[in-house]
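Let me begin by presenting the structure, written as structure tokens, before commenting on it.
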Amino acid sequence: MRIVISAATSAIAHQCALAWARMPGAEFELIARDVQKLDGFANDIITRHPAVKVHQHIVDFEDAQAIGALAQKLGETPIDIVLIAQGSLTDQALAQTDFNYLKSELGLNAVSSMLFAESFAEQLAKWGKGKLAIIGSVAGDRGRASNYAYGATKAALATFAAGLQQRFAGSSVSISIIKPGPTKTPMTSGLNNSKMASAESVARVIVAGIEARKRVIYAPKQWALIMFVVRLIPFAVFKRLNF
């Protein structure tokens, strides 16, 4: 089983990799921007699972040509799973005053993921099979004053994934959009994370959902019901809420 993971140094992506590494014949193509971090994460997988093959790739996540070239290179042989995991928790207050920061966040959280998704979707289409999953967020289900810059990028990813799902409907290529709730990771270390799910538990839901070829994967699963209710709240009520 050949697995490509972009932003492989993220906590959720790493836990997904560890889950897949327990499966026979797992082989990884790990993609990141930071070579030192990637070395550390790759070595951790190999230490725990010595039989697993791990290949590392460094790429500029804003370079469309480099992303496309890497996808084409990795797509020379069949790929079973692609997990697109890059993201940054945008500081909403800063995004409202620093437009260069806002542009950078929009690029990483939305455009970069779309470039990876389109590039690797082409490779799965070439072979006529495979699973592609994009990590979004429950924040994309409804805009909130506290994080609408971040939420907008995740909403964009959900729409992009929905288009890919229609494009590949009836084929052996599956597309999943992943919507984690608040999760304990280095990205959320500055928040009150006492009630957040662990990255490991979220990864288990993600891996199972991708295997089942689910179109939408809420992780943990209860967020599907929570966000269903949130979307139904009338704006007259919603505007007075603080969450």
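The values are calculated or read from the model by the stated rules, or taken from the named source; none is laboratory data. All values reported here derive from a predicted model rather than from experimental measurement. Cβ: placed from backbone, ideal geometry, glycine included. Neighbour counts: every protein chain shown. Surface areas here come from the heavy atoms of the whole protein model, side chains and all, with no ligands, DNA or RNA. Shrake-Rupley method; radii C 1.70, N 1.55, O 1.52, S 1.80 Å.
Side notes on the structure shown:
- Matching residues in region 46-71 - criterion: being more than 20 Å from the chain's Cα centre (by Cα) and assigned to a helix (DSSP H, G or I): Ile46, Thr47, Arg48, Gln65, Ala69
- Consider region 210-232 and keep the residues that are open to solvent by less than 100 Å² (accessible area, probe 1.4 Å) and touching a residue at least 60 places away in the same chain (Cβ under 8 Å). The one that is nearest to Met1 (Cα to Cα) is Ile210.
- Scope region 7-20; condition of a type in the set (Gly, Ala, Ser) and either closer than 18 Å to Ser88 by Cβ or more than 18 Å from the chain's Cα centre (by Cα) (or both); matching residues: Ala7, Ala8, Ser10, Ala11, Ala13
Each row is one residue, and each column tells you yes or no for (1) surrounded by 20 or more Cβ atoms within 10 Å (Cβ to Cβ); (2) among the β-branched types (Val, Ile, Thr); (3) part of a loop (DSSP other than H, G, I, E, B).
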position	(1), (2), (3)
Thr9	yes, yes, yes
Ala13	yes, no, no
Trp20	yes, no, no
Ile31	yes, yes, no
Lys37	no, no, no
Ser88	no, no, yes
Thr97	no, yes, yes
Ser104	no, no, no
Asn109	yes, no, no
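- Single match in Ser171, Ser112 (criterion: in contact (Cβ under 8 Å) with a residue 24 or more places away in the chain and in contact with a strand residue (DSSP E or B) (Cβ under 9 Å, 6 or more places away or on another chain)): Ser112
- If the condition is being farther than 16 Å from Leu74 by Cβ and in contact (Cβ under 8 Å) with a residue 12 or more places away in the chain, then region 25-39 contributes Gly25, Arg33, Asp34, Val35, Lys37, Asp39.
- Contact annotation: residue pairs with Cβ atoms under 6 Å, 6 or more positions apart or on different chains, pairing a residue in region 194-205 that is closer than 13 Å to Leu18 by Cα with a partner that is not in a helix (DSSP H, G or I), are Ala199/Thr183; Ala199/Thr185; Val202/Pro180; Val202/Thr183; Val202/Ala219.
- In region 114-138, the residues that are open to solvent by 10 Å² or more (accessible area, probe 1.4 Å) and among the hydrophobic types (A, V, I, L, M, F, W, C): Met114, Leu115, Ala125, Trp127, Ile135, Val138
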